[in-house]
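Engineer: Before I ask anything, here is the structure I am working with.
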Amino acid sequence: MDKKYFVSSSPHVFANDSIPKIMYTVVLALVPAGIGAIYYFGPRALWIILIAIVSAVATEALLQKLMKRSLTAWDGSAILTGLLLAYNVAPSVPLWMPAVGSFFAIAVGKMVFGGLGYNPMNPALLGRAFLLASWPTHMTIFTDAVPRGGTVSGIDMMTNATPLNVLKSAQGILANPQQFTPEQTREAGEAIGKLYDSLDKLFMGQIGGCIGETSVILLLIGAAYLMYKRYIGWKVPFTFIGTVALLSWIFGGTEGLFTGNPIFHILSGGLILGAFYMATDMVTSPVTFRGRLYFGIGCGMITFVIRRIGGYPEGVSYSILLMNLLTPLLDRWTRPKVFGGRKKNE
Amino acid sequence: MAFLSKSFSGGIHPPEHKKLTEFFKIENCPPPEEVVVPVQQHIGAPSRPIVEKGDAVLIGDPISESGGFVSVPSHATVSGTVKTVEPRPHPLGTKVLSVVIENDSENKWRQDVGFDSSYQELDKKEILRRIQAAGIAGMGGATFPTHVKLSPPPDKKIDTLIVNGAECEPYLTSDHRLMLEETEKILRGMQILVRVLGAKTGAIGVEKNKMDAVKALRQKIAELNLPYKVYALHVKYPQGAEKQLINAIVNRRVPAGGLPMDVGCVVQNVGTAAAVYDAVVYNRPLIDRVVTITGNGINKPQNMLIRIGTPFSHVFEQCGGLKENAGKVIMGGPMMGLAQSNLDAPVIKGTSGLLVLNEKQSHRQEEQPCISCAHCVDACPMGLMPKMLGQFVKYERFDSAQAYNILDCIECGSCAFVCPAHINLVHWIKYGKLKVIQKQKKAS
């Protein structure tokens, strides 16, 4: 018998799955929201997305070359990081910002830890946090989303506050009415009422906000696809969103307990994008059943606390970054029970 | 969800590939000119050869004797002359002492094999003696001596005998064919097993992808007026793993580190039940078994009744030979089977299948870093964290691996199957188990 046969440990058949397949599937799921962003914010959104992706892939390739590692910049993970970073900046930012943000996300968020699989925090969110801390004015000026059909350049876009910004300042006024004129308090109340009446716009995406976070419906279409593909589960996003909804219903109102508007809190800001696409990041979220539940609940609690009493109007990205750091501990605390349980004397 | 249907939690759905052979009747494989019968075909102490070069043997003659209680003898599977007794290639990958018999093609059986009308009156001890003397070891693939499993300590009361017809490994159809073609033999064997164990009842578990077998068994049970129940189980791997099968059928969980008898059950494969019938009623030792020869790398996939000791190369010749692009030969199924390097190795009692994959299917893509996707944790039917076990073993943290219950792994391969980073988790875990057990032995 001259022919040599392959010998290896079992199993000998495998699911037809790979890391690039997962990454590119998530990228694909994010495409509808990107198209929506270009429709609402104009071609500038497309430029920001492209610059962020090119910068992310180039940074990863360059660093892998410098570190003399095998080149895996095309495995889709860098593209996904760049894409998510672009989705997390305002459409009016100068075009160098997505480039810098992606560089930071890949270099400091991922490569210094050893590359794919070893980063403790979501690189895209770390990049966003870096941009927000360094150039807060650029990052917090939002343009109104009106269909532009690609004719209006970025320069003369109208700026406006995001719904969560409006809510935050209005609630600030209502919380201390004695410091404001009756006129101002009345306006604040009206502003909140107006917000609550425009839920359909929030759902479709006709609001100010970051590039990829505004259109709930388009994000949900992608999320449904990922769930069908089983690349994201229900545990993290549903507990995350559910916790925010519950807390904002109980504590989110201005007229006492149980007067909040949970639907508004779900649809506004980056909650849908964060809960379905960033909190579910495989590398930085827990692997156990209960771990994922606690992770989602923790994200929801921190998000709500920041939105309600923190300095920022929005807290999704910080909540995810903070919970990312807890992930190894959550995994350790929530180890699954071995089949049949342990005997006491062991 | 385990409590909603007859199944267990975790598990995977690999492509079945059973169509290749499931409609083919069991064919007789002509015995080769020379059989190589290893003295070790079971878990436990090796048996001791009792024949020498030049001895004449008949089919069914013992050629070795049990090396202890947890041991079974081997038998001559052709009539002829002992050519030599020496170490020969074995499916486990090493060389094992084997008796090589030259076939005289006369096919002569030893005298005392034949129908024993008094079998109904045999006592428990005699039945167990016959089972051991026939050399029966678990034919699902684990090859644990059957008489040992049938002799639980007196404080363990067995109420249910479970016969395993799940055949959850992809590609394999030998149990399926056996259930269709030897339905009565399996049920009669079951009767004997239930009697020996003093069990209240018997149950058969069959995956739903073999409804014809379920139907055949149910029909025969009604015909023979037996009190046994056939369970049609969810098609999910590893449904046929002992603990998962018990979980699905009687909804009891064998404690970690425990045995089925801790929850009042004994599990036997359908092939074992049939062999027990032959051994007790006909005094016929285990000299052949049904093997599925299958895969894209073989010209004529089929199910065959093959004499133990028949070299794989001879079997493949009967199946039209291997294809040009054959890349990997596996004894057993694709999930837990053993890759073979030498086709001189023989069919043994645990050979449920011979799977030949083509070159393209034979090697796995390069390993990539773990991205903590948790697919392995979700798939593990034992409630383990394969990702962590793999990493612990890689960095030689065997104590941590033990704390994460590495010894409870049943090596079913579900984790490695689903891993998108192509990490050979079972490979690491097997190595880690070995190290942990070595350490334990040293300590005690």
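What follows is calculated from the coordinates using simple rules that are stated; it is not laboratory data. In this text the structure is predicted, and so the values were computed from the model without any measurement. Note that each Cβ is placed from the backbone with ideal geometry, even for glycine, and that neighbours are counted across all protein chains shown.
Engineer: Which lysines does residue A:110 reach when only Cα atoms under 18 Å apart count, and residues fewer than 8 places away in its own chain are ignored?
Structural biologist: Leaving aside lysines fewer than 8 places away in the same chain, those within reach of residue A:110 are A:65, A:68.
Engineer: For residue B:75, list long-range residues whose amide hydrogen, built 1.01 Å from N in the peptide plane, is under 5 Å from its own amide hydrogen.
Structural biologist: B:63
Engineer: Relative contact order, percent, of chain A when contacts are C-alpha pairs under 8 Å separated by at least 6 residues? Don't jump to the answer; show the numbers that get you there.
Structural biologist: Working: 565 pairs, mean separation 57.5, N = 346.
With pairs under 8 Å counted, the relative contact order is 17 percent.
Engineer: While we're looking at this one, here's another question. Using the Cα centre as the reference, give the magnitude of the dipole from point charges on the C-beta atoms of segment A:19-142 (Lys, Arg: +1; Asp, Glu: -1; all else neutral), rounded to the nearest 20 debye. Intermediate values should be presented prior to the final figure.
Structural biologist: Values: 7 positive and 2 negative charges, 38 e Å.
The dipole magnitude comes to about 180 debye.
Engineer: Excluding residues fewer than 8 places away in the same chain, name every one of the lysines whose C-alpha is closer than 22 Å to that of residue A:337.
Structural biologist: Counting by Cα, and skipping residues close in sequence, residue A:337 has these lysines nearby: A:235, B:6, B:236, B:243, B:387, B:430, B:433.
Engineer: Give me the lysines in straight-line cross-link reach of residue B:435: C-alpha distance below 16 Å, same-chain residues under 8 apart excluded.
Structural biologist: Cα-Cα hits under 16 Å: B:394.
Engineer: Within 10 Å of each candidate Cβ there may be at most 15 other Cβ atoms; applying that plus a DSSP loop requirement, which GluC sites (Glu not before Pro) in segment B:82-151 survive?
Structural biologist: Details: sites: B:102, B:106, B:121, B:126; in loops: B:106.
The qualifying sites are B:106.
Engineer: Further question on the same structure: Normalise the Debye intensity by I(0) for the protein assembly as shown, one equal point scatterer per Cα, no solvent, then take log10 at q = 0.05, 0.07 Å⁻¹ and round to two decimals.
Structural biologist: Calculated log10 I(q)/I(0) at the listed q: -0.36, -0.63.
Engineer: Rounded to whole Hz and in sequence order, give me ³J(HN,Hα) for segment A:11-24 from the Karplus expression 6.51 cos²θ - 1.76 cosθ + 1.60, θ = phi - 60°, writing x for Gly and Pro.
Structural biologist: x, 10, 10, 9, 5, 7, 9, 7, 5, x, 4, 5, 4, 5
Engineer: Quick one: give the max-minus-min coordinate of the C-alpha atoms of segment A:262-328 along each principal axis, largest first, in Å.
Structural biologist: Principal axes ranked by extent give 30, 20, 17 Å for the Cα atoms.
Engineer: To the nearest 20 Debye, how big is the dipole of segment B:223-339 about its Cα centre, given +1 on the beta carbon of each Lys and Arg and -1 on that of each Asp and Glu? Could you put the intermediate results ahead of the total?
Structural biologist: On the way: 11 positive and 7 negative charges, 53 e Å.
My answer is approximately 260 debye.
Engineer: Among all cysteines in chain B, which have no other cysteine Cβ under 4.7 Å from their own Cβ?
Structural biologist: By the Cβ distance rule, which asks for a partner under 4.7 Å, the isolated cysteines are B:29, B:168, B:265, B:319, B:370, B:373, B:380, B:409, B:412, B:419.
Engineer: Report, in deg cm²/dmol and to the nearest 500, the calculated mean residue ellipticity at 222 nm for the protein assembly as shown, where each DSSP H run with n ≥ 4 adds -39500 (n - 2.57) and the sum is divided by the residue count.
Structural biologist: On the way: 28 runs with 325 residues, N = 790.
One gets -12500 deg cm²/dmol as the mean residue ellipticity at 222 nm.
Engineer: Can you find, among A:193, A:36, A:320, the residue farthest towards the positive end of the dipole of chain A? Put +1 on the C-beta of Lys and Arg, -1 on that of Asp and Glu.
Structural biologist: A:320
Engineer: Related question: Just want the answer: with Cβ charges of +1 for Lys and Arg and -1 for Asp and Glu, which residue in B:393, B:375, B:419 is farthest toward the dipole's positive end in segment B:375-443?
Structural biologist: B:393
Engineer: Right, next: Hey, can you grab everything whose amide H is under 5 Å from the amide H of residue B:35? Only 5+ residues off in sequence or another chain; H modelled, so Pro and N-termini drop out.
Structural biologist: Here the answer is B:101, B:103, since their amide H atoms fall under 5 Å of that of residue B:35.
Engineer: OK, next. Could you list B:160, B:294 in order of exposure, starting from the residue whose Cβ has the fewest other Cβ atoms within 10 Å? Intermediate results must be reported in sequence, preceding the final value.
Structural biologist: Values: B:160 22, B:294 31.
So the ranking, lowest neighbour count to highest, is B:160, B:294.
Engineer: Determine, for A:236, A:216, the number of other Cβ atoms within 10 Å of each Cβ, and report the residues in order from fewest to most.
Structural biologist: Values: A:236 28, A:216 22.
Sorted ascending by nearby Cβ count, the order is A:216, A:236.
Engineer: Are there trypsin sites (Lys or Arg not before Pro) in segment A:1-106 that DSSP puts in a loop and that have at most 15 other Cβ atoms within 10 Å, and which ones?
Structural biologist: On the way: sites: A:3, A:4, A:21, A:44, A:65, A:68, A:69; in loops: A:3, A:4, A:68, A:69.
Of the trypsin sites (Lys or Arg not before Pro), the ones in loops of segment A:1-106 whose Cβ has at most 15 other Cβ atoms within 10 Å are A:3, A:4, A:68, A:69.
Engineer: Which residue, chosen from B:318, A:227, A:173, occupies the Cα position most advanced towards the positive end of the dipole of the protein assembly as shown, where the dipole is computed from +1 (Lys, Arg) and -1 (Asp, Glu) charges on Cβ about the Cα centre?
Structural biologist: A:173
Engineer: Listing B:314, A:138 from the residue with the fewest other Cβ atoms within 10 Å to the one with the most, what is the order?
Structural biologist: Details: B:314 22, A:138 15.
Result, fewest neighbours first: A:138, B:314.
Engineer: Give the Rg/Rh ratio for segment B:375-443, taking Rg as the radius of gyration of the Cα atoms and Rh as the Kirkwood radius, to two decimals.
Structural biologist: On the way: Rg = 11.2 Å, Rh = 11.7 Å.
Here Rg/Rh amounts to 0.96.
Engineer: From the mean inverse distance of alpha carbon pairs (Kirkwood) and the Cα radius of gyration, derive Rg over Rh for segment B:135-282. It would help to have the intermediate numbers written out before the result.
Structural biologist: Values: Rg = 13.9 Å, Rh = 15.0 Å.
Here the Rg-to-Rh quotient is 0.93.
Engineer: Same structure again: Just tell me how shielded A:329-336 is by partners: mean number of partner chain Cβ atoms within 10 Å of each residue's Cβ, no decimals.
Structural biologist: Across the residues of A:329-336, the mean count of other-chain Cβ atoms within 10 Å is 3.
Engineer: Could you size up the charge dipole of the protein assembly as shown around its Cα centre, putting +1 on the beta carbon of Lys and Arg and -1 on that of Asp and Glu, and report it in debye to the nearest 20? Write down the numbers at each step before the final one.
Structural biologist: On the way: 78 positive and 61 negative charges, 255 e Å.
In total the dipole reaches around 1220 debye.
Engineer: Any idea what the relative contact order of chain B is, in percent, if you count C-alpha pairs under 8 Å spaced at least 6 apart?
Structural biologist: Numbers: 1037 pairs, mean separation 83.6, N = 444.
Normalised by residue count, the contact order of chain B is 19 percent.
Engineer: Right, here's the next one. State the Kirkwood hydrodynamic radius of segment A:187-297 in Å, one decimal place, computed from all pairs of distinct Cα atoms. Don't skip to the answer; put the middle values down first.
Structural biologist: Details: mean 1/r = 0.0673 Å⁻¹.
That comes to 14.9 Å for segment A:187-297.
Engineer: Ok, one more. Based on DSSP, what percent of beta bridges with both residues in the protein assembly as shown are antiparallel, to the nearest 5? Please list the in-between numbers first.
Structural biologist: On the way: 39 of 61 bridges.
Rounded to the nearest five, the antiparallel share is 65 percent.
Engineer: Next question. From the Cα trace of segment B:299-362, what convex hull volume per residue do you get, rounded to a whole Å³?
Structural biologist: Given the Cα convex hull of segment B:299-362, per-residue volume reads 80 Å³.
Engineer: Please list, in chain and number order, the residues 5+ apart from residue B:358 or on another chain whose amide H is under 5 Å from its amide H, with Hs placed from the backbone.
Structural biologist: B:296, B:297, B:327
Engineer: Along segment A:270-276, what does the Karplus equation 6.51 cos²θ - 1.76 cosθ + 1.60 (θ = phi - 60°) give for ³J(HN,Hα), rounded to whole Hz, x for Gly and Pro?
Structural biologist: x, 4, 5, 4, x, 5, 8
Engineer: Given the alpha-carbon gyration tensor of chain B, what are the semi-axes of its equivalent ellipsoid in whole angstrom, ordered largest first, with each equal to the square root of 5 times an eigenvalue?
Structural biologist: Working: eigenvalues 211, 146, 102 Å².
In descending order the semi-axes read 32, 27, 23 Å.
Engineer: Report the Rg/Rh value for segment B:354-411, based on alpha-carbon coordinates and the Kirkwood definition of Rh. Provide the component values of the computation, followed by the final result.
Structural biologist: Details: Rg = 14.2 Å, Rh = 13.3 Å.
Result: Rg/Rh = 1.06.
Engineer: Can you tell me what percent of all Cα-Cα pairs in chain A are more than 28 Å apart?
Structural biologist: Numbers: 27040 of 59685 pairs.
Summing the P(r) of chain A above 28 Å gives 45 percent of all pairs.
Engineer: Further question on the same structure: Any chance you could tell me what percent of the C-alpha pair distances in segment A:19-142 go past 22 Å?
Structural biologist: Working: 2241 of 7626 pairs.
Roughly 29 percent, rounded to a whole number.
Engineer: Run through segment A:304-339 and list the trypsin sites (Lys or Arg not before Pro) located in a DSSP loop whose Cβ has at most 15 other Cβ atoms within 10 Å. Mind dumping the intermediate values first?
Structural biologist: On the way: sites: A:307, A:308, A:332, A:337; in loops: A:337.
Sites meeting the loop and neighbour criteria: A:337.
Engineer: Normalising by the residue count of segment B:375-443, find the relative contact order in percent from Cα pairs under 8 Å and 6+ residues apart.
Structural biologist: So the answer I get is 36 percent.
Engineer: Quick one: 3J(HN,Hα) in Hz for segment B:142-148, Karplus 6.51/-1.76/1.60 with θ = phi - 60°, rounded, Gly and Pro as x.
Structural biologist: 6, 6, 7, x, 5, 5, 5
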